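Student: Here you go, one structure.
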Amino acid sequence: MVTAAFLLVAIVVLSGGASTSRTAAARRHHHHYTDDYEAVFERQEADRVEALPGQPSEVGFRHFSGYVTVNQTHGRALFYWFLEATHNVQKKPVVLWLNGGPGCSSLGTGAIQELGPFLIQNPGTNRHELRLNPESWNREANLLFLESPAGVGFSYTNTTSDLQEFGDELTAHDAYTFLVEWFKRFPQFKGHDFYITGESYAGHYVPQLAEKILEMNRKVHKSRHIYLRGFMIGNAAIDDASDDRGMVEYAWDHAVISDELHSAIATYCDFSRNDAASDFSSDAAASQQSDACDQAMDAFYEAFDDIDIYSLYTPVCTNSSSSSSFSRRGGGAAAMAKNKRRRRRRRYVYGDYDPCLDQYAISYLNRGDVQRALHANVTGSIPYSWAPCSDALFQQWQDSPASTLPAIRRLADAGLRVWVYSGDTDARVPVTSTRYALRKLGLATVEPWREWFTSDQVGGYTVAYHSLTFVTVRGAGHMVPTVKPVQARQLLAHFLAGKDLPRTPPAILAEDDS
């Protein structure tokens, strides 16, 4: 048995390529823990990924994936994929990434379509299924992806009724439990700075998990603290009324909807209320107006049937077998529009350079050899195929506050670093919505609106408020790292360092220094 005296952990750190001997690569990583070293080491090694099918051969970092049980009684376990930083593993922070939905996968979307080191591609002639991402976020941090809650991707529960119970509160609870257990499995990272990032409905997931961490840090012994330093969310659903108002105005301003439809929505939909398009009013006149609003919003979503609401100016996948068309998922845009609470935040599709990435991800992650390599679905008993999003969870989602702005304000006031960013060609949670939402916080401006630069080009615009920074990414859609990977990594690096984004191009800086 381990006594109260702490042990030093000896952890394998890869110093060369993937073929480097584990024993030869072993170094001492000085963080304290109270579990038996051999058991910890063996558990980590059981989760170690040797290589993924179609993975490029030159990989200079270790990665791990597997399950962490979050509820023994219900048999509920969450699937993770952890990728060590490409260098300075011991000094880099741990960054958790969460995709939204609710009910969408951080593995098949964030990890292999956006910001991970291996990006999915069409395995054409002489091409691997995966390609190396030169702008991977594990160049800046130790990177952790989580499929949450159970029922998403490879995460599962053995208690079917759980799927009718999930909402924001239970998701945050399970995610916190996951982190506690994950740090026990990887105690060498326990003392690292920790940040949470995500996009879309992660505008709920991220601040709610952050509040849970701070709450529990006040209750548990310091040795069990999670060293949360801040969070960053992109194109985030954070305030229903602002999201809806900004979405309609953005579509009209970008010539997607007609003047007549814009006028009808303005007449029948009251976006000063967070239930503007709901049909639950008992008042007859209000109910009639709500019905008219619903009809107008049905027409609004139908305007996006043949274009990508998440990336306005990129192509859509026209492959007839693809499940990634906005108009073909979940009964189509009009069907989705019939429920305002769900309508506001589902990620159905994203138009990338290759707009069929979801299709490639579905094919790849449902392969037996890929699942074996990832230690996923190890018993083969998950009763559904891997999918980018879970319709079952989405349709039955329970608690979901109309606004997470109060939580964001509390977290900022608590001293956490808070950045919010927006790709400015996303029409689903557009920059207009985010600006309306942040205005409600009433924060004092510390540094006014200005350009920021990537190389010699404007990367976007930024404004610094007291305790919060807002950034736009020029030419990016809902999934910023997919279309603007250089800018996205630059954003992460400056966020982690707590540094302002560049005010002038490097060439001008060089001239000033001469």
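Readers should treat all values here as calculations from the given coordinates under stated rules, not as data from a laboratory. Here the structure is a predicted model, which is why all the values come from computation and not from measurement. A quick note on method: Cβ atoms are made from the backbone with ideal geometry, for glycine too, and the neighbour counts reach across all protein chains shown.
Student: When the Cα centres of the stretch 138-208 and the stretch 102-122 are compared, how far apart do they sit, in Å?
Tutor: First find each Cα centre; the distance between them is then 16 Å.
Student: Can you compute 3J(HN,Hα) from phi for each residue in the stretch 198-208, using the Karplus curve 6.51 cos²θ - 1.76 cosθ + 1.60 with θ = phi - 60°, rounded to whole Hz and x for Gly and Pro?
Tutor: Running phi through 6.51 cos²θ - 1.76 cosθ + 1.60 with θ = phi - 60° gives x, 9, 6, 5, 5, x, 9, 3, 5, x, 5 Hz.
Student: List the aspartates and glutamates whose alpha-carbon lies under 15 Å from that of K190, not counting same-chain residues fewer than 8 positions away?
Tutor: Once the sequence-local aspartates and glutamates are set aside, what remains near K190 is D35, E84, E181.
Student: May I ask you to work out the translational diffusion coefficient for the stretch 405-513 at 4 °C, viscosity 1.567 mPa s, via Stokes-Einstein with Rh from the Kirkwood sum over Cα pairs, reported in whole µm²/s?
Tutor: Roughly 89 µm²/s, to the nearest whole number.
Student: Scan around A85 for amide H atoms under 5 Å from its own, H built in the peptide plane at 1.01 Å from N, and keep only partners 5 or more places away or cross-chain.
Tutor: N142, L143
Student: Please list, in chain and number order, the residues 5+ apart from E199 or on another chain whose amide H is under 5 Å from its amide H, with Hs placed from the backbone.
Tutor: So E199 has HN proximity to L98, G100, G234.
Student: Using the number of other C-beta atoms within 10 angstrom as an exposure proxy, rank S290, S422, S223 with the fewest first.
Tutor: Ranking S290, S422, S223 by Cβ neighbours within 10 Å, fewest first, gives S223, S290, S422.
Student: Can I ask one more? Based on other C-beta atoms within 10 Å, arrange K499, K92 from fewest to most.
Tutor: K499, K92
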